[in-house]
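Below is one structure, written out as structure tokens; the observations come after it.
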Amino acid sequence: MARKKFILALLPEESVAQKLEVLSQKLCGPHKGYVLGYNSLPHNSLLQFEEDETKAENLWEKFTTLPQPPQVTGLRFYTEAMSDGSAIYFGLALRLTEELISFQSKAWEMIENRELINKTGAGYFPHYTLGYVPMPGKMSIEISEVTHRLPLHSCHLALGIGGPNLQFETTLFSRSN
């Protein structure tokens with residue numbers, strides 16, 4: 001069977017998701033490699049892993065036993081260059097709390113601590129990726145114009161398929177709060 005990239009993620013409440021999509025589209029301009037509302041949903045990845053696509057429903061059944069996810073808050077804008085220099089990713093970093101680390105750890109235990117693409121525990125970097133710009137290139141607005149901080153907000157749990165840039169392309173299962 002074919003293996004796919006899965007993402008267990010926290011999807012923000014609708015009002016926050018809409019704000020993130022607008023900001024992403026302003027920042028990315030004509031670049032369409034990773035743009036919220038175009039080929040990705042706003043999300044904070046908890047677990048990124050590969051698995052046989054036929055196991056998605058069984059995985060989701062396990063994840064539905066998790067408690068309500070903790071609320072999250074945005075702290076600051078970040079940029080990060082790809083290691084090969086081909087693009088710059090950017091987004092909003094979220095506060096790393098003990099509640100978020102614990103929630104991620106419980107989810108990871110449910111899939112028998114399998115190998116992950118992303119980091120866990122103290123090395124976990126919770127964030128909403130807003131997009132990326134291939135190099136050479138530039139964002140459509142200046143970074144100094146991005147002053148977004150996100151208030152404390154609720155999220156809901158979702159399992160989806162990850163795209164080539166680990167964007168959250170397709171929601172397979174979702175649990176409302």
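The values are calculated or read from the model by the stated rules, or taken from the named source; none is laboratory data. Because the structure is a prediction, the values reported are computed rather than measured. Methodologically, a virtual Cβ is constructed for each residue, glycine included, from the backbone with ideal geometry; neighbour enumeration extends over all protein chains shown.
Side notes on the structure shown:
- For the criterion of being surrounded by 15 or more Cβ atoms within 10 Å (Cβ to Cβ), in contact (Cβ under 8 Å) with a residue 40 or more places away in the chain and of a type in the set (Asp, Glu), residue 21 fails.
- Taking the criterion of being hydroxyl-bearing (Ser, Thr, Tyr), modelled with pLDDT under 85 and more than 15 Å from the chain's Cα centre (by Cα), the residues of region 89-144 that qualify are 140, 144.
- Per the conditions (1) surrounded by fewer than 16 Cβ atoms within 10 Å (Cβ to Cβ); (2) at pLDDT 90 or above; (3) polar (S, T, N, Q), the sole criterion not satisfied by residue 45 is (1).
- Residue within region 35-58 that is in contact with a Cys (Cβ under 7 Å, 6 or more places away or on another chain), part of a strand (DSSP E or B) and under 23 Å from residue 135 (Cβ atoms) present: yes
- Given (1) loosely packed, with under 14 Cβ neighbours inside 10 Å; (2) modelled with pLDDT of 95 or more; (3) not acidic (Asp, Glu), index of the condition residue 86 fails: (2)
- Residues (among the hydroxyl-bearing types (Ser, Thr, Tyr) and more than 11 Å from residue 130 (Cα to Cα)) located in region 81-99: 83, 86, 97
- Test: residue in region 63-83 that is basic (Lys, Arg), loosely packed, with under 15 Cβ neighbours inside 10 Å and closer than 21 Å to residue 155 by Cα: yes
- Residue match in region 7-18 (condition: touching a Pro at 6+ places or on another chain (Cβ under 9 Å), part of a helix (DSSP H, G or I) and either among the basic types (Lys, Arg) or under 21 Å from residue 163 (Cα atoms) (or both)): yes
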